[in-house]
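Notes follow the structure.
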Amino acid sequence: MTRSSGSFIDSVWRSPSGGDEVDDLRGAVAELEVALLASGLLVGAAVTVHEGSQGGRILVAHVVPCAPADFRPAALLEHLHAALPGHPIPSRFVLVDELPLDRDGEVDRKALVEAQPQSGVFSSAALIAATYDPLTAQLAAIWADVLEVAVVLPEDDFFDLGGDSSRAARLALRIGDVYRVQFPVHALYEARTLRACATVVRRAQGGEDALSGTGPERWQADARLPADIRATIEGTAARERAPAGAWRSGEVFLTGATGFLGAFMLRDLLTSTAACVHCLVRADNHQVGVLRLRQALRKYGLWQEEFARRIRVVPGDLRRPRFGLDAAAFERLAYTVDVLFHAGDRVNFVEPYLSHRATNVGGTAEVLRLAATGLPKPVHHVSSIAVFGPSGFFGGARRVHEDDDLADYLQYLSFDLGHAASKWVAESMVWEAARAGLPVTVYRPGLLVGDSRTGAGDSDDFIARLVRGAIQIGAFPDLPRQRMEFVPVDHVSRAILHIAGQADHQDRAHHLVPPEPRLSIDLNDFFALIASFGYRLSRWPYRQWLERTSQDCRERDNPLYPLLPMLSERVYKDELTRWELHEDTPAYDTANALWALSSSDLEFPAIDRPLLEKYLRRWLDADRLPPVRAAAAGRR
């Protein structure tokens, strides 16, 4: 038997319960490899372990046949089932010419995974000939092309084969083009296997709706505060609390520090307070966590080497109970920190609610659990104005107040993004915790844009992609009465930290948007401002602009390709897309925010020509935007 190292198994699959599960898995892998070689059909075999997109384990066998031309997969599967009855069998097999070895002469499992990421040529699922079902055969070819794998079988999971939101968008568009049906991208997240996908396409061809996704009933259920957290809050609510601003010289817990807003909040916490900051980071240890934080802050020009001594990395994951910490570590953290800033957020303009749920809803529940454990600690929760959905289009209130009941806006979220629904659910849970006695403060920023001082921002966010995509085709969509609530990220960060020190503003929400509607900018005016720098931009009706953008995506790389499902899926009366429904944007009242910020020296940096020039220059310097002449030449 070829020797192989178990260290890679340890790194791929480690259970929080300890080493027993890893030992069991290593033993199972060894038995499989012995049985594979005992078949007489192979000269080499190695099994690797993967974590599936839904948390399950996937075993992949990499095999070297004795006689590749005569190799029969069915014979190998038959032997395995006979030799190991009831034993876990690899779900995917990869044929290789030889097994890579490391410097010690052992099988290099890591190299196997990196070289052939689950691109097997046969499966242990029932081998159904694709020719029995022409639709499945056609879809298999499309899947294989999009995923860049050799073969796709009926039970293969799109995301376990390397699919992501970008490839999901590409697949949904391909299916729509080939079969002339409406195939919303959320259907792929629910019908994840090739067989299930084929069923959805058949339904669409017959005029039936795709899978329904989730809706208000599910969101209301998910918004309920877990009973054990409620009991903990109620049991500690009467305990003495520290003064509202005491955390400035104490211990702060921060989520989302490797994200856009979180990076600025970490910088501001370290420069404007004396606090030590405990950052939840998806990392194996402190050193890796600090490296990730350093990289995140350097991306925006924020890192200073002296920051490291006041950062405490908490290796963990918002998606997991207690962030993946054991009970003792979670309790130690709860008794250490004085305040929690929850800026962690999964945001994707294509993925449905269920893809955001674990991070945005489950993560918020665990933040509330941490805050309630021991002494009750204030929670500063970063939400979004997206929780109100496209209310203006449907005749909702012309002015949205900070203390409005979120339940009044639930009906509109069925027409918005999955991310918006997840933010509504998370914030609703936070308010339930407040009613139980936990001190909370909520912040609802508008659409975050770059640093107002340096122009540093996320060159791959929605606005950046929209601008680049419009410049590439020389046109932008005519969407009147859509006011863009742009807010520079540095202003939002400083506003949150200023409000957080004021006791009068606990149990209140704050809209962090332009303080007056005249300081917001209409979408059409925004593009006119971009055109003033020399870019030739025509204003086209939405359908014409969308058709031209879609065509451009088919012909060449276009930054809007991953967002096309969001831009093109008709969600209202089979006529209007999500974006079109954001017409007649309501005004967002800022009374609480203005009152809280009246004692600060913050001035709102409105989007004007000088500020937009900073953003464009940044994108130009990063080669994310063509110069004016190059843009014109690219359209000829």
TODO: For the range 284-295, state whether one or more residues are within 19 Å of the chain's Cα centre (by Cα) and in a strand (DSSP E or B).
DONE: no
Open item on the list: I'm trying to understand the selection: among the residues of the range 219-239, which are closer than 13 Å to GLY437 by Cβ and either open to solvent by 50 Å² or more (accessible area, probe 1.4 Å) or among the β-branched types (Val, Ile, Thr) (or both)?
Closed with: ILE229, ARG230, ALA231, THR232, ILE233, GLU234, GLY235, THR236, ALA238, ARG239
Open item on the list: Is it the case, given these coordinates, that ALA434 is assigned to a helix (DSSP H, G or I), at negative phi, modelled with pLDDT of 95 or more and surrounded by fewer than 23 Cβ atoms within 10 Å (Cβ to Cβ)?
Closed with: yes
Task: Count of the range 313-323 residues which are in a helix (DSSP H, G or I) and more than 15 Å from HIS278 (Cβ to Cβ) - done: 1
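So, GLY392, is that one assigned to a loop (DSSP other than H, G, I, E, B) and closer than 28 Å to THR214 by Cβ or not?
Yes.
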Task: Residue ranges of helices (runs of 4 or more DSSP H) in the range 511-600 with at least 2 members within 27 Å of LEU616 (Cβ to Cβ) - done: 523-531, 542-555, 564-568
Task: From PHE388, PHE415, PHE394, residue being touching a helix residue (DSSP H, G or I) at 6+ places or on another chain (Cβ under 9 Å), farther than 18 Å from GLY344 by Cα and surrounded by fewer than 17 Cβ atoms within 10 Å (Cβ to Cβ) - done: PHE394
Open item on the list: Just to check your reading of the model, which residue among VAL146, VAL181, VAL185, VAL152 is in contact with a Lys or Arg (Cβ under 6 Å, 6 or more places away or on another chain) and closer than 25 Å to ARG554 by Cα?
Closed with: VAL146
- [ ] Collect the residues in the range 335-361 that are surrounded by fewer than 20 Cβ atoms within 10 Å (Cβ to Cβ) and not in a loop (DSSP other than H, G, I, E, B), keeping them in residue-number order.
- [x] TYR335, THR336, LEU354, ALA358
Open item on the list: For the condition within 20 Å of the chain's Cα centre (by Cα) and at pLDDT below 95, what is the one hit in SER422, SER391, SER383, SER414?
Closed with: SER414
Task: From the options HIS511, HIS491, residue that is under 20 Å from ASP608 (Cα atoms), in contact with a Pro (Cβ under 9 Å, 6 or more places away or on another chain) and open to solvent by less than 30 Å² (accessible area, probe 1.4 Å) - done: HIS491
Open item on the list: Residue under question is PRO65, and the condition is that it be within 27 Å of GLY162 (Cβ to Cβ), at pLDDT 85 or above and surrounded by fewer than 18 Cβ atoms within 10 Å (Cβ to Cβ); does it hold?
Closed with: no
Open item on the list: What's the number of the only condition in (1) over 21 Å from GLY363 (Cα atoms); (2) in a helix (DSSP H, G or I) that ALA456 fails to meet?
Closed with: (2)
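Answer yes or no as to whether LEU564 is in contact with a Ser or Thr (Cβ under 8 Å, 6 or more places away or on another chain), open to solvent by less than 30 Å² (accessible area, probe 1.4 Å), of a type in the set (A, V, I, L, M) and touching a residue at least 24 places away in the same chain (Cβ under 8 Å).
It is true that LEU564 is in contact with a Ser or Thr (Cβ under 8 Å, 6 or more places away or on another chain), open to solvent by less than 30 Å² (accessible area, probe 1.4 Å), of a type in the set (A, V, I, L, M) and touching a residue at least 24 places away in the same chain (Cβ under 8 Å).
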Task: Single match in ARG310, ARG346 (criterion: in contact (Cβ under 8 Å) with a residue 60 or more places away in the chain and basic (Lys, Arg)) - done: ARG346
TODO: Could you list all residues from the range 461-508 that are acidic (Asp, Glu) and in a helix (DSSP H, G or I)?
DONE: ASP490, ASP504
Task: Condition met for LEU325 (under 16 Å from the mean Cα position of the chain (by Cα), buried (at least 19 other Cβ atoms within 10 Å of the Cβ) and of a type in the set (A, V, I, L, M, F, W, C)) - done: no
Task: Within the range 75-88, considering residues that are exposed (fewer than 15 other Cβ atoms within 10 Å of the Cβ) and hydrophobic (A, V, I, L, M, F, W, C), the one nearest to VAL64 (Cα to Cα) - done: ALA75
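The values are calculated or read from the model by the stated rules, or taken from the named source; none is laboratory data. Note that the structure is a prediction, hence the values are computed from the model and not measured. Neighbour counts run over all protein chains shown; Cβ positions are idealised from the backbone, glycine included. Surface accessibility is based on the protein's heavy atoms, side chains included, excluding ligands, DNA and RNA. Shrake-Rupley method; radii C 1.70, N 1.55, O 1.52, S 1.80 Å.
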